[in-house]
Amino acid sequence: MKLQLALDGTQEHGLQALRAARPWVDVVEAGTPLLLREGVAALRCLRAEFPRMTLLADFKIMDAGDLEARIAFAAGADQVTALGVAGDTTIAAALAAARNCGGELLVDLINVAQPLRRVKQLKALGCDYFCVHRAHDSCGDPVAPLRELRAALPDLRLAVAGGIDECTIKALAPYRPDTVIVGSAITGAAQPGLAARRIMERMRAHV
């Protein structure tokens, strides 16, 4: 399992958290709130300071798949997100842009009513990386869709996000998410480095 750190606060706060947590973080995410505040300048800033880190742009593409994906990759992203509820043509265009730019597309299943059915549809388009995501404003449980997807598609590349902290890793681990996405449990901690280390230790204990 990889640990992805989602930066959703201000740019400076995010940089401070990432500097402290860097030894335990595999992927850094420029979260949607950060991108709304700072624009793609946030991607350029992260790429400049952390040139070797995998960088994800949480664009949540819903329209203009080719154009918006290319904006992310041109600013330094390695990965960009599109919403699973977007149209097939939009997702296919974003996927083609990712391939042409040497990057990856992560399809976010947030608010997808039937995740397994939708994943099968998008796999037919060529998508192979999906995120089970509990919405910030929701009390939903990411374990159930994660369990369903892993049982039906054992080799599917899966990320999981939404309210994850060190206490929730044990419940997620049996379903072998490739990437665990954590935000405020690290960025909001008094010691982000210690919080990231403890989460990574929990992840390694369940591999």
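Readers should treat all values here as calculations from the given coordinates under stated rules, not as data from a laboratory. Everything numeric in this text was worked out from a predicted model, so none of it was measured. Don't worry about glycine lacking a Cβ; one is built from the backbone with ideal geometry, like all the others, and counts go over all protein chains shown.
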Q: Could you please state, rounded to a whole Å, how far the C-alpha centre of segment 123-181 is from the C-alpha centre of segment 26-65?
A: 21
Q: With springs only between Cα atoms under 10 Å apart, run a GNM on the chain and tell me which of 105, 158, 194 wobbles the most.
A: 194
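Strictly greater than 21 Å: what percent of every Cα pair in the chain meets that? Write out the running numbers ahead of the final one.
Details: 10593 of 21321 pairs.
The share of Cα pairs beyond 21 Å in the chain comes to 50 percent.
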Q: Report the relative contact order of segment 2-205, percent, no decimals, based on alpha-carbon pairs under 8 angstrom and at least 6 residues apart.
A: 20
**Q.** Contour excess over end-to-end distance, with Cα ends at residue 101 and residue 74 and 0.36 nm allotted per residue
**A.** 8.9 nm
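Around residue 89, under 12 Å between beta carbons, what's the net of Lys plus Arg minus Asp minus Glu among the other residues?
On the way: positive: none; negative: 63, 66, 88.
Taking every other residue near residue 89 into account, the sum is -3.
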(Q) If R₀ is 35 angstrom, what is the calculated FRET efficiency for the pair residue 170 and residue 85, using the beta carbon separation as r and rounding to 0.05? (A) 0.70
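If each DSSP helix of 4+ residues adds -39,500 (n - 2.57) and the sum is divided by the residues in the chain, what number results at 222 nm, nearest 500 deg cm²/dmol? Please list the in-between numbers first.
Numbers: 10 runs with 93 residues, N = 207.
After summing the helix terms and dividing by the residues of the chain, the value is -13000 deg cm²/dmol.
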Q. Among the trypsin sites (Lys or Arg not before Pro) within segment 24-63, which fall in a DSSP loop and have no more than 16 other Cβ atoms within 10 Å of their own Cβ?
A. 52
